[in-house]
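The values are calculated or read from the model by the stated rules, or taken from the named source; none is laboratory data. Predicted model only: the values in this text are computed from it and were never measured. Ideal geometry is used to build each Cβ from the backbone, glycine not excepted, and the neighbour counts take in all protein chains shown.
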Amino acid sequence: MFKKLIEESTGKSPWLFHINAGSCNGCDIELVSVLTPRYDAERLGFKLAGSPRHADIVVVTGPITAQSLPRVLRSIEQVPEPRCIVTMGSCPQSGNVFRGSYSICGPLSKYVHVDVDVAGCTPKPEAVIDGLALATQILQEKRRAMK
Amino acid sequence: MDFPFVKEAISQLFSKPSCAMYPAVESIAAPRYRGRIAFDPTKCINCLMCERVCCGGAITHTVEKTEEGDKITRSFNLGCCTFCAHCMDFCNHGAIQLTQDYHMIATKEEDLIVSGTFIKKPPVKKAVPPKPAAPAAPAAPVGADAPGGPKETAAPAEAPKPRDDGKPVQDPAKCVYCTICARKCPAGALTVDRAAKTWTLDEDVCVGCGTCAAACPKNAIIM
């Protein structure tokens with residue numbers, strides 16, 4: 001019974017870890033607006049974690065610069081399985097307008113499996129909430145598969 | 001003892017939250033919000049202007065030769081798009097629209113690609129009429145030069161008429177051979193020689209997009 005209770009409650013409180021991989025700060029501001037009282041994703045259980053070791057969902061913004069690549073990968077490795085990786089905005093998916101630059105190592109899908117893409121430049125906060133809700137579903141499926 | 005804030009605190013307890021209850025209450029984007037791209041392949045003429053102005057390189061096309069003509073598939077990768085709406089602004093035929101739809105969530109890359117297919121028929125070549133028409137264009141300036149004296153009377157008489165197939169016609173009376181039209185042409189169909197004062201149109205390459213007429217500072221091109 002306790003196991004079932006824990007399983008259900010973990011699905012209702014996914015913790016986020018936010019990685020800025022050279023973003024222009026637009027997506028970061030939108031992510032903050034999602035978590036603060038206006039859009040209040042915390043009412044759905046999302047909480048920003050300070051350490052990747054406490055997180056369930058990783059939100060990556062920015063086009064993965066050469067400087068940030070090893071740090072991004074190290075941070076993602078520290079997130080315990082099952083984890084869900086969400087890319088926010090066009091940059092981590094393709095490089096966007098920075099594509100082809102000598103200092104861009106993206107897209108992120110070259111290095112890790114990306115579960116959810118939220119498109120937009122920047123995405124609307126409602127779209128981010130949609131994406132996180134989908135990520136939570138995927139996370140629950142992964143948890144069940146691990147058992 | 002005076003507690004001025006008690007009244008405020010109690011009233012706040014019973015008021016509605018200021019938060020947007022998004023998943024429960026649907027929210028509509030602002031009227032001119034630039035969201036998911038809607039592409040109308042029936043209006044597209046494949047002038048390639050959208051691909052030229054796209055800063056993210058999100059617009060691509062593939063050409064497949066069929067019996068009816070070239071089968072062109074134009075695709076917009078929303079995962080690469082900056083939603084700047086340059087493609088919409090530059091499309092002379094209104095084939096591209098950015099909608100208010102902001103729900104662009106995908107688990108696969110293919111979900112973020114908007115595409116449309118249309119068949120572009122090759123230009124119909126008339127057997128006889130183009131032949132007299134082709135020498136007629138260079139002949140017109142010659143005819144204008146020949147009378148020499150009565151130039152003013154000759155100019156209004158030879159004002160060109162717009163063509164039936166939607167391709168540009170040059171007005172030699174207005175044209176200053178600045179070559180702006182040739183540089184603006186996305187298909188590279190125009191050749192303008194400044195020294196020789198010639199303006200030639202490659203009819204097979206021209207898509208009739210109207211960019212040259214819009215760019216002409218002297219309004220010397222008629223569509």
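Descriptive notes on the structure:
- Residue check for A:Ile76: surrounded by fewer than 24 Cβ atoms within 10 Å (Cβ to Cβ), part of a helix (DSSP H, G or I) and within 11 Å of chain B (Cβ to nearest Cβ): no
- The condition (being on the phi < 0 side of the Ramachandran plot, in contact (Cβ under 8 Å) with a residue 60 or more places away in the chain and surrounded by fewer than 17 Cβ atoms within 10 Å (Cβ to Cβ)) is satisfied by just one residue among A:Pro92, A:Pro37, A:Pro70, A:Pro82: A:Pro82.
- For segment A:13-28, the tally of residues that are touching a residue at least 60 places away in the same chain (Cβ under 8 Å) and either among the acidic types (Asp, Glu) or over 15 Å from A:Val60 (Cβ atoms) (or both) stands at 1.
- Residue list for segment A:95-124, restricted to those being of a type in the set (Gly, Ala, Ser), surrounded by fewer than 19 Cβ atoms within 10 Å (Cβ to Cβ), facing another protein chain (nearest Cβ under 9 Å) and touching a residue at least 12 places away in the same chain (Cβ under 8 Å): A:Ser109
- Selection count where residues are assigned to a strand (DSSP E or B), more than 14 Å from every other protein chain (Cβ to nearest Cβ) and either under 22 Å from A:Ser94 (Cβ atoms) or in contact with a Leu (Cβ under 8 Å, 6 or more places away or on another chain) (or both), scope segment B:51-96: 5
- Residue check, B:Glu26 of a type in the set (Asp, Glu) and either out of contact with any strand residue (DSSP E or B) (no Cβ under 7 Å at 6 or more places or on another chain) or outside the structural domain of B:Val114 (by TED's automatic domain parsing) (or both): yes
This table checks each residue for (1) modelled with pLDDT of 90 or more; (2) in contact with a helix residue (DSSP H, G or I) (Cβ under 6 Å, 6 or more places away or on another chain).
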{"residue": "A:Arg74", "(1), (2)": "yes, no"}
{"residue": "A:Glu77", "(1), (2)": "yes, no"}
{"residue": "A:Cys84", "(1), (2)": "yes, yes"}
{"residue": "A:Pro92", "(1), (2)": "yes, yes"}
{"residue": "A:Ile104", "(1), (2)": "yes, yes"}
{"residue": "A:Pro125", "(1), (2)": "yes, yes"}
{"residue": "A:Gly131", "(1), (2)": "yes, no"}
{"residue": "A:Ile138", "(1), (2)": "yes, no"}
{"residue": "A:Arg143", "(1), (2)": "no, no"}
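- Residue match in segment A:6-16 (condition: under 21 Å from B:Gly79 (Cα atoms), among the aliphatic types (A, V, I, L, M), surrounded by 17 or more Cβ atoms within 10 Å (Cβ to Cβ) and away from chain B (no Cβ under 14 Å)): no
- Among residues of segment A:125-147 being among the polar types (S, T, N, Q) and in contact (Cβ under 8 Å) with a residue 12 or more places away in the chain, the one that is surrounded by the most Cβ atoms within 10 Å (Cβ to Cβ) is A:Thr136.
- Checked against (1) of a type in the set (A, V, I, L, M, F, W, C); (2) closer than 16 Å to A:Val118 by Cα; (3) crowded, with 21+ Cβ neighbours inside 10 Å, A:Phe46 meets all criteria but (2).
- Just one of the listed residues (B:Phe83, B:Phe5) is without any contact (Cβ under 8 Å) to a residue 12 or more places away in the chain and out of contact with any Ser or Thr (no Cβ under 7 Å at 6 or more places or on another chain), namely B:Phe5.
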